[in-house]
Amino acid sequence: MDSADGGGRELILRTATRLFAALGYDSSSAAQVAEAAGVSQEELGAHFASKRELYLAVMEQARNLLAEAVTPHVDALMTAPAERHAPALHAFVDGYIDLCVAHPEIPALWMHRWLSDASDIVDLEAENAQPLTQYIVEGVSTLTEPAGADPLHTTYTMIWCIHGFVLSGVLDGSAHRRGADDQRQLRRFRAHMHQFLGRALGLPAPGA
């Protein structure tokens, strides 16, 4: 069965992305992907020789979406004069939040990975995530160096916080979980990340 916007391969990729994000690689099977996509296992095999190959394609697509969204903001961090560091940081944070809100499968895929999902695929970080992560760290270092902060851990602090909020939200005062679909909480989270990172890096508050 072909989809209207790209054919069987794209349909399989979208379906596999949803399953791997929800269940993890280890708890999903190629048969489940085929059934959920409404294609035969033979058709799936014609596009992807193995579940591993399918997973690598899913992770590459996620990486490309991330790179497309954040690279312009990293470029801006690297070239912004000191007086524009705070707005550049805020734009970077907002861009990363917007990506994760629009594509929650991206933080979900990496959350599974951080919990040792697909641990037999040992080169994924080196070939997929590390080059982009290192570029982000280099961009963040333009802000952390004057503040004497650690660029690697500043970057990961931001990533961990955003992934956690988008995937799990927070408990409000009445014990209801509020996440990225709650616009008020999403605004509060953005403002918190701006303030938290800005203070950590000694940047002026908005409007200062």
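The values are calculated or read from the model by the stated rules, or taken from the named source; none is laboratory data. Computed from a prediction, not measured in an experiment: that's the story for all the values here. Note: ideal-geometry Cβ built from the backbone for every residue, glycine included; neighbour counts use all protein chains shown. All accessible areas refer to the heavy atoms of the entire protein, side chains included, with ligands and DNA or RNA removed. Shrake-Rupley method; radii C 1.70, N 1.55, O 1.52, S 1.80 Å.
Here are some notes:
- Cα-centred dipole magnitude for the stretch 1-76, charges only on beta-carbon of K, R (+1) and D, E (-1), debye, nearest 20: 200
- Ranking by accessible area, most exposed first, for R184, R63, R9, R113 with a 1.4 Å probe: R184, R9, R63, R113
- Segment I121..Y156, full-extension length gain: 10.4 nm, with 0.36 nm per residue of separation and the alpha-carbon distance subtracted.
- Label-zone membership for the stretch 164-207, site D94, 7 angstrom Cα→C-beta point, backbone N under 16 Å: 184, 186-198, 205-207
- With the largest listed first and rounded to whole Å, the semi-axes of the equivalent ellipsoid of the chain from the Cα gyration tensor are 35, 19, 15.
- Of the three principal axes defined by the Cα atoms of the stretch 20-95, the extents in descending order read 58, 21, 19 Å.
- Ordering L186, V140, T157 by Cα displacement along the dipole of the stretch 126-196 toward the positive end leaves L186 in first place; charges were set at the Cβ atoms of Lys, Arg (+1) and Asp, Glu (-1).
- All Cα-Cα separations within the stretch 138-197 were binned at 10 Å from zero, giving a P(r) of 21, 44, 24, 11, 0, each value a whole percent of the pairs.
- Label positions at N64 and R187, each projected 7 Å from the Cα along the C-beta direction, are separated by 3.7 nm.
- Between 0 and 90°, nearest 10: helix 183-200 axis offset from the chain longest Cα axis: 50
- Using C-alpha pairs below 8 Å separated by at least 6 residues, the relative contact order for the chain is 21 percent.
- Within the accessible area of the chain, the carbon and sulfur atoms contribute 54%, probe 1.4 Å, all protein chains present.
- Value at 222 nm in deg cm²/dmol, rounded to 500, when DSSP H runs of n ≥ 4 in the chain each add -39,500 (n - 2.57): -23000 deg cm²/dmol
- According to the Cα-based calculation, Rg over Rh for the stretch 66-113 is 1.08, with Rh computed by the Kirkwood formula.
- Dividing the mean sequence gap of close Cα pairs (under 8 Å, 6+ apart) by how many residues the stretch 1-85 holds gives a relative contact order of 26 percent.
- H176 sits with roughly 100 Å² accessible to a 1.4 Å probe, with DNA, RNA and ligands left out of the calculation.
- Label-point separation, E42 to A82 (7 Å along Cα→Cβ), nm: 6.9
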